[in-house]
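**Q** Before we start, here is the structure in question, set down as structure tokens.
The values are calculated or read from the model by the stated rules, or taken from the named source; none is laboratory data. Owing to the predicted nature of the structure, the values given are computational and were not obtained by experimental measurement. For neighbour counting, all protein chains shown are included, and Cβ atoms are generated from backbone atoms with ideal geometry for every residue, glycine included.
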Amino acid sequence: MNKVMLSLVLTMAFSVLVVLGVGFFQIMSDLLNNNLAVLGIGFGLLFSMIYVVVSNTENELEGISVLEEDDEAII
């Protein structure tokens, strides 16, 4: 995939995520009548999702031994 198509796909995906996030905030804000609670729930969901992604990435990188330190001396 070339750079233009990749940029377009990532821009569209990010735009959709922003729209869904704003929609989620509006709906939950109307249901709970408390913006602070909705922000707290959103932050918790975002943090947990990022934590899972980082953990999986770290495990995968260890699996392919990218993060292992090399004990051999460079000559």
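**Q** Identify, by number, the condition in (1) in a helix (DSSP H, G or I); (2) modelled with pLDDT under 80 that residue 68 doesn't meet.
**A** (1)
**Q** Return the residues of region 40-61 that are under 17 Å from residue 22 (Cβ atoms) and modelled with pLDDT under 85; say none if nothing qualifies.
**A** Of everything in region 40-61, those that are under 17 Å from residue 22 (Cβ atoms) and modelled with pLDDT under 85 turn out to be 42, 46.
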